[in-house]
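Every read-out reported here was derived from the displayed coordinates using simple, explicitly stated rules and does not represent laboratory data. In this text, all values refer to a predicted model and were calculated from it rather than measured experimentally. Note that we place each Cβ from the backbone using ideal geometry, even for glycine, and neighbour counts take in every protein chain shown.
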Amino acid sequence: MNFNNISVNMFFPNPTWDLLLLLFFFAAVFIYGLVVGRNRIIVLLLASYPATLINEYIPYSEKFFSRFNFSQKLFLKSFSLFVMTGFIFWILTKSGFSRKELNKKTWQIIFLSLLCAGFWTFVVLGYSRP
């Protein structure tokens, strides 16, 4: 087989922003999971759930949202989700939920990282629904 002529365009002829966003989330959380370890990625996943719930019920006023276009609204909701996730993550790590790991199992870190990235992608792409 000749692999010299294979390019990304063969697999993704028309890449869209949601595909690039998906790849960014998976890469970022995967690298984060490998750097910090299994216990902290579990705490990050646990912090994401209440942050998503809180972000879903923030009472944004219609007058406030009327000034923004669709992509700005998506960015605002996503940014507030990640800020709340970071804040809840910080509270949980300071309260002792994240302890040192004795044995690092790479397959667990990869699975939990993909689970976290998949959850964040699901939530952020859910904001793009009308």
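Listed values, structure above:
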quantity	calculated
Sequence of LEU45, LEU114 once ranked by neighbouring C-beta atoms within 10 Å, starting from the fewest	LEU114, LEU45
Counted charge near LEU114, where neighbours are those whose Cβ lies closer than 15 Å (Asp, Glu -1; Lys, Arg +1)	+2
